[in-house]
Amino acid sequence: SPRVPESSHPNCRCRRIKAEILDEQLGAKLRMDLQYFAKPRNYDDVQKMIADGSISPEKFEERKKEFDKAFSKGAQTPLGKIVDGRDSYYHIIGRHDDQLFNDDGVQRIVDTLKNPAAVYETTDRRGTKGEMYVQNSSDDSLIVVTRNGRIVTAYEPDPRYLNKQKEGKRLY
């Protein structure tokens, strides 16, 4: 590679290393990052569903693209903009495919965020706070949980659970 001119890189402490070493280091870091940030259980669940034929890979990719497109610029809610929460779609489909893996699943999530009947403060098992967007419809209610401007999950709640959650602090 060309030498960097002295003046453009003052006090440089860089050094050259073989590309194979760099690839090993980056590969190890990437594996570590994926283990730390990704939710492999959710990804694995979806892969098992594809392998056992309960969902088709083509249909999953189609729905995932639809989800990513819907949240590429974020969905404006009464409380702010919401974006995809690090492949939250894997969690939604891995746990709630019977409810949301259909032609109107992504649109139901977007509609719930944009026009909620109510928004409540919620807390998960570890005590982490989030927002629970509730959409009541004539058929089924839908809950979309967000945290720090990102989707965590979406599902149709059990009516008793929904009533219990509505006892919390109402944000909207």
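Read-outs: derived from the displayed coordinates by stated rules, not from any lab. Not measured: the values here are computed from a predicted model. No Cβ is skipped: glycine too gets one built from the backbone with ideal geometry, and neighbour counts run over all protein chains shown.
Give me the net charge of residue 128's neighbourhood, meaning all other residues with Cβ under 13 Å from the Cβ of residue 128; Lys, Arg count +1, Asp, Glu -1.
My count for the surroundings of residue 128 gives +2.
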Phi-derived 3J(HN,Hα) across the stretch 91-101 with the Karplus relation (6.51, -1.76, 1.60, θ = phi - 60°), rounded Hz, x for Gly and Pro, is 5, 4, 6, x, 10, 9, 4, 5, 9, 10, 8
On full extension of the chain, what length is gained from residue 170 through residue 43, given 0.36 nm per residue of separation minus the C-alpha to C-alpha distance? 42.5 nm
Cross-link pairs 129/164; 48/69; 129/166 - those with Cα-Cα distance over 18 Å: 48/69
Once amide H atoms are built 1.01 Å from N in the peptide plane, which residues 5 or more positions from residue 118, or in another chain, come under 5 Å H to H? 134
